[in-house]
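Visitor: Got a structure for you, questions after.
The values are calculated or read from the model by the stated rules, or taken from the named source; none is laboratory data. Predicted model, so just to flag it, every value in this text is computed and none were measured. Ideal geometry is used to build each Cβ from the backbone, glycine not excepted, and the neighbour counts take in all protein chains shown. Surface accessibility is based on the protein's heavy atoms, side chains included, excluding ligands, DNA and RNA. Shrake-Rupley method; radii C 1.70, N 1.55, O 1.52, S 1.80 Å.
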Amino acid sequence: MLIAAKAAFLLLLFILIYTGIRGVMLVAANRKMARIRLHHVRNAAFGSRLTDLLQRSGFLYRHLSDLLESTGSRFTLPMLLTTSLVLFLSGFITAVLFFPSVKGILALCLIASSFPYLLLRMRLITNQLRSRMDFLPAVEIVYQTYLLDPHPNIRNVLHRALRENRIRYPLKPVFEQLHRNLSMSREVDDALRIFKMSLGHLWADYMASILKIAIVEGNDVTLNLKELIDDMRKAKLADQIARNRLLEIRIASFSPLCFLAVFLLVNFRINYENAYYYYFVDAAGRNMLLDALLLIFAGFLMGVYLSMKRM
């Protein structure tokens, strides 16, 4: 009787162990299959295919990736490309319905598809304007930390300055990004290129050159940092004037769109039926609106270009 009880207990224990091991193996297999399916779906997504196709171009892929990273956008490159394609198709359909001509189709497709890129550019310029006047105090903090370090190393200097919370917003995220890229064993040129793009002015280019010398060659850059700070202090007034000009350029870029909106609103308020007919039904009126959109878009591009050149 005792032997039968032991045999039954061993059989029950074997069944429990077998069932538990089988359940664990099934759960692990299901998770592995789910990961494989998700990986396949991610790789098969249309945005990822566009990214793979764009990656072959080299420069354009690197430029868009750097732009997304320097702006701190939550958008990924596949999302950006998919959004641009959807807007391109929307512009094409709108042009076919309202502006059925080659000029209308090309114009609306170009304006719609480039809208996400222009928004990122404007966001980058806004961040650059915010951080322009705070760059000198941030460089002074890096210089002071560099002097106090007995064995100066740029990665350690940046880490110490950030840990002590001496670099303030809006420059702090930029230096945190630089320190993170350098600490992750990323290429020095890539990290410094994103740093320069995030700031977008000549002083950032000089700072990046000094950091590259310190990281790659291991030279002492105390005098270089001191000379950079002295030059920035001397040019502080001119820098403020340049910043005011950038603000004027941005205001001028948006003013034509405001004037067009006010002009249309006044005409619709005076005579709604005639305004609707001449702007949306009559071919000449629609062509005039198309020309206005083209001129506004060209002025907007010129404003972005001038802002980039004056940085």
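Visitor: Looking at the range 145-163 only, could you name the residues that are over 25 Å from the mean Cα position of the chain (by Cα) and open to solvent by 80 Å² or more (accessible area, probe 1.4 Å)?
Guide: Passing the criteria: LEU147, LEU148, PRO150, HIS151, ASN156, ARG163.
Visitor: Here is a further query. Go through the range 164-178 and report how many residues are part of a loop (DSSP other than H, G, I, E, B) and without any contact (Cβ under 8 Å) to a residue 40 or more places away in the chain.
Guide: Looking only at that region, the number is 6.
Visitor: On the given criteria, is LYS234 more than 28 Å from the chain's Cα centre (by Cα), at pLDDT 70 or above and exposed (fewer than 12 other Cβ atoms within 10 Å of the Cβ)?
Guide: yes
Visitor: Continuing with this model, one more query. Scan the range 22-35 and give yes if some residue there is at pLDDT 85 or above, among the aliphatic types (A, V, I, L, M) and open to solvent by 40 Å² or more (accessible area, probe 1.4 Å), otherwise no.
Guide: no
Visitor: Also: Give the residue, chosen from SER65, SER90, that is under 21 Å from ASP189 (Cβ atoms), of a type in the set (S, T, N, Q), in a helix (DSSP H, G or I) and at pLDDT 85 or above.
Guide: SER65 is the lone residue from the list that is under 21 Å from ASP189 (Cβ atoms), of a type in the set (S, T, N, Q), in a helix (DSSP H, G or I) and at pLDDT 85 or above.
Visitor: Same structure again: Determine if the range 252-266 includes at least one residue that is part of a helix (DSSP H, G or I), buried (at least 17 other Cβ atoms within 10 Å of the Cβ) and modelled with pLDDT under 85.
Guide: Yes; the residues of the range 252-266 include at least one that is part of a helix (DSSP H, G or I), buried (at least 17 other Cβ atoms within 10 Å of the Cβ) and modelled with pLDDT under 85.
Visitor: Please work out if VAL96 is without any contact (Cβ under 8 Å) to a residue 40 or more places away in the chain, in a helix (DSSP H, G or I) and loosely packed, with under 14 Cβ neighbours inside 10 Å.
Guide: yes
Results for (1) crowded, with 16+ Cβ neighbours inside 10 Å; (2) out of contact with any Cys (no Cβ under 9 Å at 6 or more places or on another chain); (3) at pLDDT 85 or above, shown as yes or no for each residue.
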{"position": "GLY72", "(1), (2), (3)": "no, yes, no"}
{"position": "THR76", "(1), (2), (3)": "no, yes, no"}
{"position": "LEU81", "(1), (2), (3)": "yes, yes, no"}
{"position": "GLY104", "(1), (2), (3)": "yes, yes, yes"}
{"position": "LEU108", "(1), (2), (3)": "yes, yes, yes"}
{"position": "ALA112", "(1), (2), (3)": "yes, yes, yes"}
{"position": "THR126", "(1), (2), (3)": "no, yes, no"}
{"position": "VAL139", "(1), (2), (3)": "yes, yes, yes"}
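Visitor: Could you look through the range 283-311, keep only residues that are at pLDDT below 80 and of a type in the set (D, E, K, R), and pick out the one that is most open to solvent (accessible area, probe 1.4 Å)?
Guide: Selected residue: LYS309.
Visitor: Looking only at the range 90-107, decide whether some residue is among the hydrophobic types (A, V, I, L, M, F, W, C) and within 30 Å of PHE175 (Cα to Cα).
Guide: Looking for residues that are among the hydrophobic types (A, V, I, L, M, F, W, C) and within 30 Å of PHE175 (Cα to Cα), one finds none in the range 90-107, hence no.
Visitor: Look through LEU38, LEU85 and report the one residue that is at pLDDT below 85 and either surrounded by fewer than 16 Cβ atoms within 10 Å (Cβ to Cβ) or more than 17 Å from the chain's Cα centre (by Cα) (or both).
Guide: Testing whether each residue is at pLDDT below 85 and either surrounded by fewer than 16 Cβ atoms within 10 Å (Cβ to Cβ) or more than 17 Å from the chain's Cα centre (by Cα) (or both) leaves just LEU38.
Visitor: Still on this structure: Of all residues in the range 172-222, which are open to solvent by 40 Å² or more (accessible area, probe 1.4 Å), within 20 Å of the chain's Cα centre (by Cα) and either modelled with pLDDT of 85 or more or not basic (Lys, Arg) (or both)?
Guide: LYS172, PRO173, GLU176, ARG180, MET184, GLU187, ASP189, ASP190, ARG193, LYS196, ASP205
Visitor: Please pick out the residue among SER114, SER90 that is touching a residue at least 24 places away in the same chain (Cβ under 8 Å) and closer than 22 Å to PHE297 by Cβ.
Guide: SER114
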